[in-house]
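Student: Structure incoming, see below.
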Amino acid sequence: MAGCSTNIDFTIGSRRLLSVGRDLATWSFSLEEILQTNGAECKSPHLGTDGLLVLSAPQSAMPAIRSQFPDHVIGGEQRYRRHYIDMRPEACSSFEDYLACFSSKTRSTLRRKQRKLVKEAGEGFSITEHRSPDEIEAFLGAALPLSAKTYQARLLDAGLPDTPEARAEMLTRAEAGQMRCYLLHAKGLPVAYLSLPIIGQTLIYAHLGYDPAWSRFSPGTVLQMEALDRLFAERQFTYFDFTEGEGTHKAMFGTDSVDCVSFVLLEPTLTNRALLSARAGFDQMIAKSKSLAEKTGTLSKVRRLLRA
């Protein structure tokens with residue numbers, strides 16, 4: 001794979017403070033590669049000008065990956081659990097089986113959130129499903145303006161992508177029956193969206209977003225549950241992959257997880273060494289600040305301010 005522009009970000013919570021571009025090839029591991037081979041049989045791509053971005057590699061494979069590029073400097077390491085839902089019949093044969101994985105308290109909380117949102121939405125509550133190219137076009141027409149309101153789009157440029165290339169890819173997948181998208185409507189207006197490309201028999205958690213004005217009604221959680229109910233009923237999927245990165249939403253809905261790591265391997269130039277050193281120092285400062293905020297009980301307040 002040829003190199004492409006990749007940003008090395010300096011972030012606090014959900015707010016990006018600085019991005020430094022580098023020409024990196026991307027080596028990304030699928031969930032199936034991790035579960036079936038533990039990444040051992042995967043071949044690395046050709047390096048970009050500045051090196052390589054490794055995404056969601058199994059932690060056990062990190063020494064082998066590192067040994068392939070002994071002259072490169074490593075940095076930006078992020079370790080996390082990659083959460084997924086095992087939808088195979090022997091694991092969860094139905095949505096009811098899946099719900100049984102939750103505690104009774106959690107099931108009660110989820111039902112309460114749904115009732116609360118339905119009550120607030122009134123007769124304008126509905127959830128629409130979008131699969132065909134025409135349906136995906138309708139989905140994008142509603143979801144893109146909604147995505148622009150989310151903190152992911154405002155602060156991280158991580159909202160639903162609004163480019164001709166992204167639209168074309170979604171429509172091509174829709175032609176092949178490889179898209180599932182959902183919109184939650186309240187009071188007749190779209191307030192949450194979920195986009196799920198399908199690779200093989202795996203659903204990919206690509207984009208979830210909601211109108212911040214409805215956040216206290218948990219529209220993303222309600223939409224996720226309804227989508228899973230419908231997806232289990234199709235009985236054709238093996239996994240629901242929450243992809244790289246931690247998150248309370250992923251941890252709550254996942255039934256299993258695998259230990260993964262993402263990092264960069266850069267050419268050992270003075271500039272790259274300085275960049276990784278600055279990033280490491282920044283991350284250490286943020287970690288210490290987070291620990292202090294947890295001890296003083298101000299962490300939740302700080303997170304709200306960062307998303308404002």
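The values are calculated or read from the model by the stated rules, or taken from the named source; none is laboratory data. Note that the coordinates shown come from a computational prediction; the quantities given were computed from them, not determined experimentally. Cβ: placed from backbone, ideal geometry, glycine included. Neighbour counts: every protein chain shown. Keep in mind that these areas ignore ligands, DNA and RNA; they rest on the heavy atoms of the full protein, side chains included. Shrake-Rupley method; radii C 1.70, N 1.55, O 1.52, S 1.80 Å.
Student: For the stretch 264-271, does any single residue satisfy the condition of being assigned to a helix (DSSP H, G or I), open to solvent by 30 Å² or more (accessible area, probe 1.4 Å) and within 30 Å of Thr49 (Cα to Cα)?
Tutor: Kept after step one, since they are assigned to a helix (DSSP H, G or I), are these residues of the stretch 264-271: 270-271.
Narrowing the set further to residues that are open to solvent by 30 Å² or more (accessible area, probe 1.4 Å) leaves 270-271.
So of that shortlist, the ones also within 30 Å of Thr49 (Cα to Cα) come out as 270-271.
Yes: the stretch 264-271 contains one or more residues that are assigned to a helix (DSSP H, G or I), open to solvent by 30 Å² or more (accessible area, probe 1.4 Å) and within 30 Å of Thr49 (Cα to Cα).
Student: List the strands (runs of 3 or more DSSP E) inside the stretch 202-242, counting only whole elements, that have at least 1 residues being farther than 17 Å from Ala91 by Cα and open to solvent by less than 20 Å² (accessible area, probe 1.4 Å). Spell out the reasoning first.
Tutor: Details: elements: 202-204, 207-210, 239-241.
Result: 207-210.
Student: Separate question: Restricting the search to the stretch 107-131, which residues are of a type in the set (Gly, Ala, Ser) and closer than 13 Å to His185 by Cα?
Tutor: Filtering the stretch 107-131 for residues of a type in the set (Gly, Ala, Ser) gives 108, 121-122, 124, 126.
Residues satisfying the conditions are Ala121, Gly122, Gly124, Ser126.
Student: Turning to a different aspect of this structure: Looking at (1) modelled with pLDDT of 80 or more; (2) within 19 Å of Asp241 (Cα to Cα), which one does Gly39 not meet, given that it meets all the others?
Tutor: Checking Gly39 against (1) modelled with pLDDT of 80 or more; (2) within 19 Å of Asp241 (Cα to Cα), the one that fails is (1).
Student: List every residue pair whose Cβ atoms lie under 7 Å apart, where the two residues are 6 or more positions apart in sequence or sit on different chains, the first residue falls within the stretch 228-249 and is in contact (Cβ under 8 Å) with a residue 60 or more places away in the chain, and the second residue, located anywhere, is exposed (fewer than 15 other Cβ atoms within 10 Å of the Cβ) and of a type in the set (Ser, Thr, Tyr).
Tutor: Phe232/Ser94
Student: Take Ser108 and tell me if it is open to solvent by 40 Å² or more (accessible area, probe 1.4 Å), closer than 26 Å to Gly254 by Cβ and either in contact with a Gly (Cβ under 7 Å, 6 or more places away or on another chain) or small (Gly, Ala, Ser) (or both). I'd like the intermediate steps shown before the answer.
Tutor: Numbers: open to solvent by 40 Å² or more (accessible area, probe 1.4 Å): yes; closer than 26 Å to Gly254 by Cβ: yes; either in contact with a Gly (Cβ under 7 Å, 6 or more places away or on another chain) or small (Gly, Ala, Ser) (or both): yes.
It is true that Ser108 is open to solvent by 40 Å² or more (accessible area, probe 1.4 Å), closer than 26 Å to Gly254 by Cβ and either in contact with a Gly (Cβ under 7 Å, 6 or more places away or on another chain) or small (Gly, Ala, Ser) (or both).
Student: Right, here's the next one. Could you please tell me which pairs satisfy a Cβ distance under 8 Å, a separation of 6+ or placement on different chains, a first residue in the stretch 159-177 that is at positive phi, and a second residue that is surrounded by 12 or more Cβ atoms within 10 Å (Cβ to Cβ)?
Tutor: Once the first residue is at positive phi and sits in the stretch 159-177, its partners that are surrounded by 12 or more Cβ atoms within 10 Å (Cβ to Cβ) give Gly177/Arg131; Gly177/Ile198.
Student: Specify which of the listed residues (Ala143, Ala148, Ala138, Ala174) is farther than 21 Å from Met252 by Cβ, open to solvent by less than 30 Å² (accessible area, probe 1.4 Å) and out of contact with any helix residue (DSSP H, G or I) (no Cβ under 7 Å at 6 or more places or on another chain).
Tutor: On the way: Ala148 fails: open to solvent by less than 30 Å² (accessible area, probe 1.4 Å); Ala138 fails: open to solvent by less than 30 Å² (accessible area, probe 1.4 Å); Ala174 fails: out of contact with any helix residue (DSSP H, G or I) (no Cβ under 7 Å at 6 or more places or on another chain).
Going through Ala143, Ala148, Ala138, Ala174 in turn, just one is farther than 21 Å from Met252 by Cβ, open to solvent by less than 30 Å² (accessible area, probe 1.4 Å) and out of contact with any helix residue (DSSP H, G or I) (no Cβ under 7 Å at 6 or more places or on another chain): Ala143.
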